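Notes for the one structure printed next.
The values are calculated or read from the model by the stated rules, or taken from the named source; none is laboratory data. Just so you know, these numbers come straight off a predicted model, no measurement behind them. Glycine also receives a Cβ, built like all others from the backbone with ideal geometry; neighbour counts cover every protein chain displayed.
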Amino acid sequence: MSTSVEIPPDDPVRSSAAAPVRDRTRRGRGYLTTIGLPILSLVVFVGLWQLAASSGIWNETFVPYPSTVWSAFVDFSTTHDGVRGYQGYLLWEHLYMTLRRVFAGVIIGIALGVALGLAMGTISWVRAVLEPWLTFLRALPPLAYFFLLVIWLGIDEAPKVTLLALAALPPAAVATTAAVLAAPVGLVEAARALGAKRRDVIRDVVIPSALPETFTGIRLSVGIAYSSVVAAELFNGLPGIGGAVKDASNYNNTPVVLVGIFAIGISGLIIDGLLRSLERRVVPWRGKI
């Protein structure tokens, strides 16, 4: 006669055997959330777009078919019938020039913004002097001072880079200031009690605790600078995605405008993903302390 031994529900043998199944289930749900849902939303968006274009409510100049935009993308990216891309430049060349301008402006703006944020967060009189000016600058739309920059700096690269730097500076400065002011008082006092000097407290306590929020400010700075790129490329913006969008809009060339918008948006998503990946490596303690 055979006897069977029942394993209690909380037995570690059963738990260890079920662990791989649970892990696979969690991974499957994770893939569905991170990959499946974005793809589904894209399919729904294109489907609704196709329906709107097919309805006949709007002229094709206002709502072109997805296939028309795809053809514009192919023409934009290749040489066809002796025509090279748009206005003599391929899509990647326009995008390269735009990214180069954004990169230069963002580096300058973020470097100045973080430095100002550290100073404002640690020195009260600096904060009292500079905070109203940062608020004033942050409230201004880029076009409000771009024409002034053109008068001062001409129509070459200088006003474009300066505009993007000015757009990127306030978010980085404000986020860094708030993060420095929110540094844990207990850790600061403990470091002082152990004999740390002011610069040591800033380097070893304040800056590490401020880095997560500073990265949030950096991401906001990049996003705001990127959203200002069309304004930055209003004058002499070719080659450049913003310049191409502005030029195409002059001729009601909606497919090329949409290609430019999608190029800006998709490249912005990629840049933000790279920044988030960098943040996970630079500040792995975010949310854990």
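Checking each residue in the stretch 234-289 for being basic (Lys, Arg) and in contact with a helix residue (DSSP H, G or I) (Cβ under 6 Å, 6 or more places away or on another chain) picks out only Arg286.
For the stretch 178-188, the count of residues that are in contact with a Leu (Cβ under 9 Å, 6 or more places away or on another chain) and farther than 20 Å from Phe136 by Cα is nonzero.
Hey, among the residues in the stretch 194-210 that are surrounded by 19 or more Cβ atoms within 10 Å (Cβ to Cβ) and not small (Gly, Ala, Ser), which one's farthest from Asp272 (Cα to Cα)? Looking at the filtered set, the residue picked out is Val201. One residue stands out in the stretch 37-61 among those that are more than 22 Å from the chain's Cα centre (by Cα) and small (Gly, Ala, Ser): the one that is modelled with the lowest pLDDT, namely Gly56. Applying a threshold of 7 Å to beta carbon distances and a minimum spacing of six or more residues, or different chains, the list of pairs starting in the stretch 36-57 at a residue that is among the β-branched types (Val, Ile, Thr) and ending at one that is at pLDDT 85 or above reads Val46/Pro66. Of all residues in the stretch 195-217, those that are modelled with pLDDT of 85 or more, of a type outside the set (Gly, Ala, Ser) and touching a Ser or Thr at 6+ places or on another chain (Cβ under 9 Å) total 2.
The residue of the stretch 108-160 that is surrounded by the fewest Cβ atoms within 10 Å (Cβ to Cβ), among those that are of a type in the set (Gly, Ala, Ser) and either on the phi > 0 side of the Ramachandran plot or in contact (Cβ under 8 Å) with a residue 40 or more places away in the chain (or both), is Gly154.
Please find, among Ile108, Ile123, the residue that is of a type outside the set (Asp, Glu) and modelled with pLDDT of 95 or more. Outline the logic, then answer.
Working: Ile123 fails: modelled with pLDDT of 95 or more.
From the options Ile108, Ile123, the qualifying one is Ile108.
If we scan the stretch 240-249, do we find a residue that is of a type in the set (D, E, K, R) and closer than 20 Å to Arg100 by Cα? Taking every residue of the stretch 240-249 in turn, at least one turns out to be of a type in the set (D, E, K, R) and closer than 20 Å to Arg100 by Cα.
When each of Ser249, Ser267, Ser221, Ser227 is tested for being surrounded by 12 or more Cβ atoms within 10 Å (Cβ to Cβ) and in contact with a Phe, Trp or Tyr (Cβ under 9 Å, 6 or more places away or on another chain), the lone residue that passes is Ser267.
One residue alone among Ser77, Ser71, Ser67 is under 18 Å from Leu238 (Cα atoms), among the polar types (S, T, N, Q) and not assigned by TED's automatic domain parsing to the domain that holds Ala172, and that residue is Ser77. Comparison of Ala158, Ala172, Ala179 shows that the only residue that is within 18 Å of Ser228 (Cβ to Cβ), in contact with a helix residue (DSSP H, G or I) (Cβ under 7 Å, 6 or more places away or on another chain) and small (Gly, Ala, Ser) is Ala172.
Looking only at the stretch 120-135, which residues are closer than 18 Å to Val201 by Cβ and within 25 Å of the chain's Cα centre (by Cα)?
Here is the first cut: in the stretch 120-135, the ones closer than 18 Å to Val201 by Cβ are 120-124, 126-127.
Within the stretch 120-135, Met120, Gly121 meet the criteria.
For the stretch 227-269, what are the residues that are assigned to a loop (DSSP other than H, G, I, E, B) and either farther than 26 Å from Gly154 by Cβ or free of Cβ contacts under 8 Å to residues at least 24 places away in the same chain (or both)? Matches in the stretch 227-269: Tyr251, Asn252, Asn253.
Residue by residue through the stretch 74-115, note down the ones that are in a helix (DSSP H, G or I) and farther than 17 Å from Gly240 by Cβ.
Going residue by residue through the stretch 74-115, those that are in a helix (DSSP H, G or I) are 74-77, 91-115.
Across the stretch 74-115, the qualifying residues are Val74, Asp75, Ile107, Ile108, Gly109, Ile110, Ala111, Leu112, Gly113, Val114, Ala115.
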